[in-house]
1. Hey, any hits in segment 316-328 for a residue that's of a type in the set (A, V, I, L, M) and in contact with a Gly (Cβ under 6 Å, 6 or more places away or on another chain)?
2. Pairs please, first residue from segment 229-242 and at negative phi and not assigned by TED's automatic domain parsing to the domain that holds Phe395, second anywhere and of a type in the set (Asp, Glu) and assigned to a helix (DSSP H, G or I), Cβ atoms under 8 Å, 6+ apart in sequence or on different chains.
3. Which pairs have Cβ atoms under 8 Å, sit 6 or more apart or on different chains, and link a residue in segment 125-141 that is more than 13 Å from Val154 (Cα to Cα) and in the same structural domain as Phe115 (by TED's automatic domain parsing) to one that is in a helix (DSSP H, G or I) and not acidic (Asp, Glu)?
4. Any idea which of (1) under 15 Å from Ile113 (Cα atoms); (2) more than 23 Å from the chain's Cα centre (by Cα) is the one His62 doesn't satisfy?
5. Under the condition of being modelled with pLDDT under 90 and in a helix (DSSP H, G or I), which residue from segment 128-148 is farthest from Lys96 (Cα to Cα)?
6. Give me a count of the residues in segment 77-110 that are at pLDDT below 90 and of a type in the set (A, V, I, L, M).
7. List the strands (runs of 3 or more DSSP E) inside segment 228-317, counting only whole elements, that have at least 2 residues being modelled with pLDDT under 80 and farther than 14 Å from Leu389 by Cβ.
8. Among the residues of segment 110-127, write down those that are β-branched (Val, Ile, Thr) and either outside any strand (DSSP E or B) or over 22 Å from Asp47 (Cα atoms) (or both).
Amino acid sequence: MDNMVVYNVVNKLNLSDFESFAAFFFENIYQGTISKHSMIKNAMVRDLEAPIGQYKGIYLPHCIPYELYSNPYDIPVDSPYIRKKLQIIFDEYKNKYNITLFPGKLANQLMAIYFINNLVGFPFKFYDNYMIDEYIKLLKIAGINFIEEDAVYVGNFDSFIDKDPEKVITLINAYMQKSFEIAISLSNNRINVNKFISDKHITTGVGKTSKLPYHSLITDQIDDKKEIIKEFEYLLNNFSSENTLENFLFKYYKDIFGNKYDRIETQVWLKFPEIDISNKNRKLDIFLHNSIVKDWELYELKKVMPMTKYYRDIPVFTNEIYSAIQQLKNYERTLKNHSVKERLKYDGIEYFEPSLNLVIGRTSILPHDEWRWLIESNKDVKILTYDDLLAEMSFRLKSHIEFFESMDK
């Protein structure tokens, strides 16, 4: 399974589900040596090996609304919610000590604290240079000075996903079997009962009219997804116009590109002829915001057309494709301008290093090795076919079907 799919599932869990799943996860990973804390919900206590005495390590899930902060070094770990938990830990272990191998020296029974937060995609140096220090400060505020600084651990699910994504998704499925909710709706004079799982507010967005946050839902209405795929296939097989394909992608962008995208903008005008290489206004087809990397991705759409040819027995793109690639690079040149960035930021589109993507044609007629070589030789622009998007949709539908089938077992 694609690691990004697993990252996205974990990243979307709301506070309650994230902390409950974290406890469930470590209970299964460290079976026999870990148990639930008697007072702190979702905290886990693990028996740690030591030459003398009984020592404990506490796993403390911590869900942070990190999406609210554009600068990662502004993300706070302190809150009344986490302080209350640390106060309980302080009261529990402040007078619990063991005799050590060194005469006259005592060691607190609490040997380590593991903070497991919900941050996704942050580099190791961010934890090493900032996050660990912030948690250590928080422990000192709570009076937990009996923990050595090198016994404070901060992490998330990144390392588990990188090492064994299938294990993580297996445990997510097992957790969801007992944690889903029921939605009852009346439609077309028929009562429908569906299982559903809600995402957290922050990554789902707000209503355009109400401006209030809402929950996006994953339900088991699989037939709707199948119809979207059929419609996409119909449009491609009937050589639909670029405008028709763009409207379809706009309408179903999460089904097509994935749930990691939380916003789409189409027909974004770049009215900066003084910057453009040909002194013209330009219009971007699709701008997608990636909630994982917190940046925008530019997609240029070209209708179904011949993509490749041979020149002296070497596979090359057609002139139309090379022109489209140059067009994207011209967009990139304009987007890097400071005045353009500030103008689009004023319109609610704040980007940093937008990636370039070209969506063209159907499956290549070239042998696979030649097609891969040709794609890799044009690394500045990621080249996708409409069949690639269709395959991604089918894969996500298959994973949803398997997910809900596992919940019925």
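1. Step one: filter segment 316-328 for residues of a type in the set (A, V, I, L, M), giving 316, 321, 324-325, 328.
From what is left, the residues that are in contact with a Gly (Cβ under 6 Å, 6 or more places away or on another chain) are none.
No, there is no match, as no residue in segment 316-328 is of a type in the set (A, V, I, L, M) and in contact with a Gly (Cβ under 6 Å, 6 or more places away or on another chain).
2. none
3. Ile141/Arg83
4. Unmet condition: (2).
5. To start, the set of residues in segment 128-148 that are modelled with pLDDT under 90 comprises 128-129, 145-148.
Keeping just the survivors that are in a helix (DSSP H, G or I) gives 128-129.
Numbers: Asp128: 30, Asn129: 31 Å.
By that ranking, first place goes to Asn129.
6. 4
7. Details: elements: 261-270, 282-290, 295-301, 308-311, 314-317.
Qualifying strands (runs of 3 or more DSSP E): 308-311, 314-317.
8. The first filter runs over segment 110-127 and keeps only residues β-branched (Val, Ile, Thr), leaving 113, 116, 120.
Selection gives Val120 alone.
The values are calculated or read from the model by the stated rules, or taken from the named source; none is laboratory data. Quick caveat, the model's predicted, so the values are computed rather than measured. In this analysis, Cβ positions are derived from the backbone assuming ideal geometry, glycine residues included, and neighbour counts consider all displayed protein chains.
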